[in-house]
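Participant: Mind having a look at this structure? Questions to follow.
The values are calculated or read from the model by the stated rules, or taken from the named source; none is laboratory data. Just so it is clear, the structure is predicted and the values come from calculations on it, not from any experiment. As a convention, Cβ positions derive from the backbone with ideal geometry for all residues, glycine included, and neighbour counts pool all protein chains shown. The area values use the complete protein model at the heavy-atom level, side chains included, leaving out ligands, DNA and RNA. Shrake-Rupley method; radii C 1.70, N 1.55, O 1.52, S 1.80 Å.
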Amino acid sequence: MKPRDIRTAAIGRALLPNVWDIAALILVIGAMVLIVYGGQQTVAPLSELERAPVSLDPANLPLYALRTTLRMRLAIVCSTVFTFIYAAIAAKSRRAELVMIPLLDILQSVPILGFLTFTVVFFMNLFPGQVLGAELASVFAIFTSQAWNMTFSLYQSIRNVPKDLEEATQSFHLSGWQRFWRLDVPFAMPGLIWNAMMSMSGGWFFVVASEAITVAVTLPGIGSYVAMAIQQQDLPAILYAMLAMLFVIIAYDQLLFRPIVAWADKFRFEQTASGEAPASWMLDLFRRTRALRALTLPFAALNRAISNLRIPLPRLPPAAPGKGQTSRLVDTVWIALILAGTAYAAWLTYRYLSASLGMSDVVVVIRDGLITLLRVAILISLATLIWVPVGVWIGLRPKLAERIQPLAQFLAAFPANLAFPVFVVAIVSFKLNPDIWLSPLMILGTQWYILFNVIAGASAFPTDLREAAGSFHLRGWRWWFKAILPGVFPYYITGAITASGGSWNASIVAEVASWGDTHLKATGLGAYIASATEAGDFPRVVLGIATMCILVTLFNRLVWRPLYAFGERRLRLG
């Protein structure tokens, strides 16, 4: 037989489906059918929601779970696109960073109630009389709970790319576009994936509010199911909702995140072979297919062609500000424009608030804000002491992380609302102080940002550095302070910033808890905003949200940003 015939026969056999193709095809077709079926529900008229209101019948939970999952999946896709654009620009441009990072601090501190106040009407007017408008409003609300920590993660990773790898890209004369896709994104991938998992789980914390749209529209979903169960004090319904959540979390862990974690292990920054590699039955299944892998070849070729484009992009800014009279002049003008824009926005806010509020209101909101700030600082410190050692222990053991991952995602996804009955009953029964004992509800859903980021940092910790620590006989506290804590420090800062911002958001629902006719209220900025929202007092809502944004931004500027800069300057790999 001629060599050409041999090659033709080999190619033909490679394209023939095998048993793995059949199994993978069933999964792919099943996923497409579910997506199409769930998508059809979004194009129905808005009156359909009135004819088929949310019911606590457990038979409806599979459909509710599907619709909630599709909303969260669309939100995570939008968050990923936002992350790649926003974080790349902020990391690559020093002048853009002056605006974009403080703006990101403000965005993550704006409560979900603040977003819903302005966005629901906008999306409903885009698609009047259709469910799609309410669906997009819900997706946007979930997006606001997912995007910020992913953006901080990619920004932090790009800023901390090892210098020797940067020099290698210069030696190979890679364009800015090629450097981004061949170095920045692969280096950031482990941390970004763990933050995506946290975002997906953290979205459950806000899905209750996002599905109970505040314009007399309640979207079918697990979130609205939980809200109705809490309102009606139906404990069996809450249990059914928790089981549905557990099933959904296990499904997307095994079908989505576990394969991505196993695939992204090749992007770890290593100079020696990795000890243990994470595994995924789903990834192994698709790697054993023939026809499906052959169908992906055109997409792989297109991906290579796009990533090989020689598009000039700015490189990372130098550590010191640019020298020269022109650079200083441009910096001065740019900062002056930023200050002018900030002053104008502050003036508009002042004019609006001064029409109906006085100085006494400002004093009250500042007092409440400082109380909530104290709560956040104490809770973040306690979460750090607990979850940093646990995250390191899990992250350094891939096999353990593989088993712990679904449990961690479920705990992160557990809505704090479901814990309200326990806290309310305990506080009333034992006559406890709500100002103290409602505080843990603030960190209940946000402490996991610290855990997930520390796991990502420990997972990405180079094996050669671990071996070097062993060679130098670093043990006990010396190993913690000389090796692993410096290694995970940049990841921890990312987790702490997002956990801090999330705790401020959570204060709105945590400082005011209720179960049936029993209502408890703690003194704080979250309770102030919640009470103003319930009363329809829009000026005080704006005052509370503005105060929260200012306090979060100042805290980040004075505490987290210096620590961020220290990690970038002193604890950078390479």
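Participant: Cβ-Cβ distance below 8 Å, separation of 6 or more or different chains: which pairs start in the stretch 262-289 with a residue that is open to solvent by less than 80 Å² (accessible area, probe 1.4 Å) and at pLDDT below 80 and end on one that is in a loop (DSSP other than H, G, I, E, B) and of a type outside the set (G, A, S)?
Facilitator: D265/P278; R268/P462; F269/P162; F269/P462; F269/L573; E270/P462; T272/P462; S274/R268
The rows are residues; the columns are (1) closer than 25 Å to S145 by Cα; (2) modelled with pLDDT under 85.
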residue: P3; (1), (2): no, yes
residue: A24; (1), (2): no, yes
residue: L34; (1), (2): yes, yes
residue: G39; (1), (2): yes, yes
residue: E48; (1), (2): no, yes
residue: L56; (1), (2): no, no
residue: T69; (1), (2): yes, no
residue: T80; (1), (2): yes, no
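Participant: For R73, all conditions in the list (1) open to solvent by 30 Å² or more (accessible area, probe 1.4 Å); (2) under 25 Å from the mean Cα position of the chain (by Cα); (3) modelled with pLDDT under 80 hold save one; what is the number of the exception?
Facilitator: The failed condition is (3).
Participant: If you don't mind, another one. Of (1) touching a residue at least 60 places away in the same chain (Cβ under 8 Å); (2) part of a helix (DSSP H, G or I); (3) open to solvent by 30 Å² or more (accessible area, probe 1.4 Å), T523 satisfies all except one. Which?
Facilitator: Every listed condition holds for T523 apart from (2).
Participant: Just to be sure I understand, how many residues within the stretch 561-574 are part of a helix (DSSP H, G or I) and buried (at least 18 other Cβ atoms within 10 Å of the Cβ)? Reasoning before the result, please.
Facilitator: Initial filter on the stretch 561-574 (part of a helix (DSSP H, G or I)): 561-570.
Filter again for buried (at least 18 other Cβ atoms within 10 Å of the Cβ), leaving 564, 567.
Residues in the stretch 561-574 being part of a helix (DSSP H, G or I) and buried (at least 18 other Cβ atoms within 10 Å of the Cβ): 2 in total.
Participant: Still on this structure, please answer the following. In the stretch 105-112, is there at least one residue being outside any helix (DSSP H, G or I), under 30 Å from L46 (Cβ atoms) and open to solvent by 20 Å² or more (accessible area, probe 1.4 Å)?
Facilitator: Yes, that holds for at least one residue.
Participant: Residues being modelled with pLDDT of 80 or more, small (G, A, S) and within 18 Å of the chain's Cα centre (by Cα): count how many of those fall in the stretch 92-133.
Facilitator: The total comes to 0.
Participant: From I380, I366, I371, which residue is of a type outside the set (F, W, Y) and under 22 Å from the mean Cα position of the chain (by Cα)?
Facilitator: Sole residue among the options that is of a type outside the set (F, W, Y) and under 22 Å from the mean Cα position of the chain (by Cα): I380.
Participant: Okay, next question. Evaluate the following for M189: is it open to solvent by less than 20 Å² (accessible area, probe 1.4 Å) and either touching a residue at least 12 places away in the same chain (Cβ under 8 Å) or part of a helix (DSSP H, G or I) (or both)?
Facilitator: No: the conditions fail for M189.
Participant: Name the residues in the stretch 526-549 that are over 25 Å from A345 (Cα atoms) and surrounded by 24 or more Cβ atoms within 10 Å (Cβ to Cβ), would you?
Facilitator: Scanning the stretch 526-549 gives a single hit, A527.
Participant: Right, I484: open to solvent by less than 30 Å² (accessible area, probe 1.4 Å), under 27 Å from R159 (Cβ atoms) and either assigned to a helix (DSSP H, G or I) or not small (G, A, S) (or both) or not?
Facilitator: yes
Participant: Among (1) open to solvent by 10 Å² or more (accessible area, probe 1.4 Å); (2) at pLDDT 75 or above; (3) out of contact with any Asp or Glu (no Cβ under 9 Å at 6 or more places or on another chain); (4) not basic (K, R), where does F205 come up short?
Facilitator: The number of the failed condition is (2).
Participant: Please name all residue pairs, on different chains or six or more residues apart, with Cβ atoms under 8 Å, provided the first residue is in the stretch 538-558 and is more than 15 Å from L104 (Cβ to Cβ) and the second residue is among the hydroxyl-bearing types (S, T, Y) and outside any helix (DSSP H, G or I).
Facilitator: Filtered contacts from the stretch 538-558: P539/S356.
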